[in-house]
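Shown next, in structure tokens, is the structure this report addresses.
The values are calculated or read from the model by the stated rules, or taken from the named source; none is laboratory data. In this text, all values refer to a predicted model and were calculated from it rather than measured experimentally. Note that we place each Cβ from the backbone using ideal geometry, even for glycine, and neighbour counts take in every protein chain shown. The area values use the complete protein model at the heavy-atom level, side chains included, leaving out ligands, DNA and RNA. Shrake-Rupley method; radii C 1.70, N 1.55, O 1.52, S 1.80 Å.
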Amino acid sequence: TSIMDEDSKPLLGSVRAGEYYTDSLDPKQRRPFHVEPRNIVGDEVQERVSAEAAALSSRVHYYGRLTASSDRLLVPPDHVIPSPEDIYIYSPLGTAFKVHGGDSTPKNPSIVTIFAIWNTMMGTSILSMPWGIKQAGFTLGIIIIVLMGLLTLYCCYRVLKSTKSIPYVDTSDWEFPDVCKYYFGGFGKWSSLVFSLVSLIGAMVVYWVLMSNFLFNTGKFIYNYVHNVNTSDTFGTNGTDRVICPYPNLDPDGDSSTLQYYVSDNSTGPVFDRWWSKTNTIPFYLIILLLPLLNFRSASFFARFTFLGTLSVVYLIFLVTYKAIRLGFHLDFHWFDSSVFFVPEFRSLFPQLTGVLTLAFFIHNCIITLMKNNRHQENNVRDLSLAYLLVGLTYLYVGVLIFAAFPSPPLSKECIEPNFLDNFPSSDILVFFARTCLLFQMTTVYPLLGYLVRVQLMGQLFGDHYPSFLHVFILNIFVVGAGVLMARFYPNIGSIIRYSGAICGLALVFVLPSLIHMISLQRRGELRWPSAVFHGFLVVLGVANLFGQFFM
């Protein structure tokens, strides 16, 4: 009798919520089916399926016949359908065979997850680290890298946990824009989309500027090598490991606006210079190569080359180490006052470094997806922290070594370029190899970034990733045009990175994760003033970081 009473209970308990009844998703209210392992047959032993397993099969079939009805209440509840790893094929003979594989993606061990995050986060910002440290001052620069790493890690942790704080909803396939939509409606969804696009298009513009730079220097190296041109008259140091100052301040006592374009390194021949110019011609040559690649329907071919990013970073670390050993360290500490060859340890231009670092540590828009493939979900926070530590140490290593090894005197530390490879002549064979590797790597990553922009924008506007060739072509013309204009008129990657980093970081790093956390705590009645003050402070930091880019 008790069994019959149990069976007569509703499958989904109803819970009163305000003035209406709703189906409860509370695990205590659900009545899941349990089929003991001995009732399921393995691959090798052919046993009869027990009555319990047969009943489960019959019940699923019964619900299946009811689903034709328009009443959503007759759709099988989640607990009736076995989880993917427990799905079995029931044969008419009454035997069950376990399904291997299925749709579940293979999970990665922690070490793979950590390096996947490291590889995804490591971008063009690494080339601007020495310049960022120069802008902030050596001591303050190191402090800021550590603090920004900790702040962005905490905000990334908040993004990762944001899906867990939503009750009564299956958030297993949600991304951060879905969370924003849940809390802020359409505004949250569109704002997260727009700021995510800012980071992607900003990265594409930086790539265009860098590819123009690398193609120019690679072509110049080959031209000089073939025609036996000597370019030793550049303003810079002598010796085998030459360091150059492309834009020297020829009047150090005067105003900084007297910087002149003093690069005799460019003079290889009037005809060659006219047709092979870093800003006037090469950004346009790249259109022929890259615009067709952006119109591919799928980016899977380019995804195969992502390992090149890891190789490029490893080679850069080797190059930095080699150059530092050859050049030695050149440091002189002046806490607040400037000198001819050295910059102060603390400078008011430090927001330029915080802007660069916001993009350098930015992975917040895809961290939920990356962490889903981690085999041990309980280690997510540890693995994320280790990945951030690895990224922070890489940035510190490259930034500190190049800044310290920059030969001052005879050159001033102010000569350090936003792309530190520009401080080495195009005739340097090791740097030539680095530029060639980076050029090839960026040529493969650029279409991937374009694909992500297309998927996000077209998917939201038209509900289709490839609505038509014309739609995609117009979008690509706009994206490529932005890159060409920047490479032509404002090829300063440090500034492009810091502006796009501060804009996208305002929403996706500082404001939205903090607000979502505070709202979820407030809805549960757990918001306390220390938490409100701290997360409010993060929002203020994000706003200050953006305004600092324009006023410093």
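Summary table below
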read-out	value
Checking MET458 against (1) buried (at least 16 other Cβ atoms within 10 Å of the Cβ); (2) out of contact with any Asp or Glu (no Cβ under 9 Å at 6 or more places or on another chain), the condition it does not meet	(2)
Residue that is farthest from the chain's Cα centre (by Cα) [pool: residues in region 128-185 that are acidic (Asp, Glu) and more than 19 Å from VAL509 (Cβ to Cβ)]	ASP170
Considering residues of region 460-503 that are among the charged types (D, E, K, R) and at pLDDT 90 or above only, the residue nearest to THR152 (Cα to Cα)	ARG498
Qualifying residues in region 163-174 (those that are open to solvent by less than 50 Å² (accessible area, probe 1.4 Å) and not in a helix (DSSP H, G or I)) - the one nearest to ILE368 (Cα to Cα)	TRP174
Residues that are in a loop (DSSP other than H, G, I, E, B) and out of contact with any Leu (no Cβ under 8 Å at 6 or more places or on another chain), drawn from region 358-402	CYS366, ASN373, ARG375, HIS376
PHE342 being in contact with a helix residue (DSSP H, G or I) (Cβ under 7 Å, 6 or more places away or on another chain) and of a type in the set (Phe, Trp, Tyr)	yes
Conditions (1) open to solvent by less than 40 Å² (accessible area, probe 1.4 Å); (2) among the basic types (Lys, Arg); (3) closer than 22 Å to MET121 by Cβ; number of the one not met by ARG382	(1)
Qualifying residue in region 123-131 (condition: open to solvent by 10 Å² or more (accessible area, probe 1.4 Å) and farther than 23 Å from VAL381 by Cα)	yes
Residue check for SER408: in contact with a helix residue (DSSP H, G or I) (Cβ under 8 Å, 6 or more places away or on another chain), farther than 28 Å from PHE302 by Cα, in contact (Cβ under 8 Å) with a residue 24 or more places away in the chain and not in a helix (DSSP H, G or I)	no
Filter result (exposed (fewer than 13 other Cβ atoms within 10 Å of the Cβ) and either within 18 Å of SER192 (Cα to Cα) or of a type in the set (D, E, K, R) (or both)) within region 504-539	ARG524, GLU526, ARG528
Region 294-316, subset open to solvent by 100 Å² or more (accessible area, probe 1.4 Å) and not in a helix (DSSP H, G or I), residue farthest from LEU349 (Cα to Cα)	ARG297
Only listed residue being crowded, with 20+ Cβ neighbours inside 10 Å, touching a Pro at 6+ places or on another chain (Cβ under 7 Å), at pLDDT 90 or above and within 30 Å of ARG347 (Cα to Cα), chosen from VAL205, VAL209, VAL159, VAL243	VAL209
Test: residue in region 178-193 that is of a type in the set (Val, Ile, Thr), within 27 Å of LEU449 (Cβ to Cβ) and crowded, with 19+ Cβ neighbours inside 10 Å	yes
Region 317-352, subset of a type in the set (Lys, Arg) and within 20 Å of GLY132 (Cβ to Cβ), residue surrounded by the most Cβ atoms within 10 Å (Cβ to Cβ)	LYS323
Filtered residues of region 167-202 (kept if over 22 Å from PHE361 (Cα atoms), modelled with pLDDT under 90 and of a type in the set (Ser, Thr, Tyr))	TYR168, THR171, SER172
Residue identified as among the hydrophobic types (A, V, I, L, M, F, W, C), surrounded by fewer than 20 Cβ atoms within 10 Å (Cβ to Cβ) and modelled with pLDDT of 90 or more among LEU438, LEU421, LEU396	LEU396
Where a residue in region 317-338 is assigned to a helix (DSSP H, G or I) and its partner, wherever it lies, is aromatic (Phe, Trp, Tyr) and open to solvent by 50 Å² or more (accessible area, probe 1.4 Å), with Cβ under 8 Å and at least six apart	ILE317/TYR397; VAL320/TYR397
Residues of region 424-433 classified as open to solvent by 10 Å² or more (accessible area, probe 1.4 Å) and either outside any loop (DSSP other than H, G, I, E, B) or within 22 Å of ASN476 (Cα to Cα) (or both), total	4
